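Working notes, beginning with the structure itself.
The values are calculated or read from the model by the stated rules, or taken from the named source; none is laboratory data. These figures come from a predicted structure and were not determined experimentally. Every residue, glycine among them, receives a Cβ derived from its backbone with ideal geometry; neighbour counts consider all protein chains shown.
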């Protein structure tokens, strides 16, 4: 492990490196007691106040200003994706999510569910801001990385991030295929999850065979338990409805092609005020256009249901009880509504299981 993952030994700030004799110590006490009379103390206090108020306006050198910096923060700013992957990967694969500060409560909930399956050591959090990078690594060293360039704060928060809409949300999600492509190019397989998901079981046994890319259907139409694992046919909009929020990719040239085509499609269909796009249609156009060149695998619906099915069809949930692996809290808009629905179904794990999270109560 790299040296920056270790804490530096601190010297005792109360030790005196220059011991003095008893007589000199006595003299010192007398001199200090005579100097620190009430009038002198008041003068010193006034000086501190004046310096504190006017220093920022006078442009005094940084060395003279009374500021506190986090030594842990700066070291993670230089932590690279390659270093992070070598630290967290197990058997050549990692579990990745992408977050900015507003999503940290969902990150913690998702992590708890993964820890319950004993897979948390494989998790790498890709932070889209320094606040998230420092927060996660302060609590869980080495498990968060920021991939430059940093997303512009103004661009990231246009619209309403808590509602998961607007150009800011598009700017945030549109970086996903680039991040995943970098991981594949470094030779690692990657499972990507949105953090509004909860694991009920370990998904890795469901990655059967040696396909290039694995994904889930976002349609609510019930499929037979033995449904086809091929890319579904196009829907009414001329493309399939595959979810871009749960993907597993092997580090093959064909999987890289999927991500490159996804990036191209995002450039063709950017977010505008008239066409409020998101990353998922571009993902589906990419899959459809290169379907004959890539070995794709549709994961079983009973194990990986869309939220529009799991949360809205009680009969189906009862019939498939015990088969569910990852639940996606989609088909609903807004942080508060998602949290309430998770709570209603006993899936907001931070309430009772925060001690099982690598991040604690965050």
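The table that follows gives values for the structure above.
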| quantity | calculated |
| --- | --- |
| Only listed residue being modelled with pLDDT under 95, assigned by TED's automatic domain parsing to the domain that holds residue 250 and surrounded by 22 or more Cβ atoms within 10 Å (Cβ to Cβ), chosen from 106, 172 | 172 |
| So residue 177, is it under 22 Å from residue 104 (Cα atoms) and modelled with pLDDT of 95 or more | yes |
| Helices (runs of 4 or more DSSP H) completely within the range 244-353 that count 1 or more residues being touching a residue at least 60 places away in the same chain (Cβ under 8 Å) and surrounded by 17 or more Cβ atoms within 10 Å (Cβ to Cβ) | 253-268, 279-289, 307-310, 335-344, 350-353 |
| Positions within the range 84-101 being out of contact with any helix residue (DSSP H, G or I) (no Cβ under 9 Å at 6 or more places or on another chain), assigned to a helix (DSSP H, G or I) and surrounded by fewer than 20 Cβ atoms within 10 Å (Cβ to Cβ), in sequence order | 86 |
| Filtered residue count, the range 229-243, keeping only those that are over 31 Å from the mean Cα position of the chain (by Cα) and surrounded by 14 or more Cβ atoms within 10 Å (Cβ to Cβ) | 0 |
| Complete set of residues in the range 102-136 that are in a helix (DSSP H, G or I) and farther than 22 Å from residue 343 by Cβ | 120, 121, 122, 130, 131, 132, 133, 134, 135, 136 |
| Number of the exception - residue 64 against (1) at pLDDT below 95; (2) in contact with a strand residue (DSSP E or B) (Cβ under 6 Å, 6 or more places away or on another chain) | (2) |
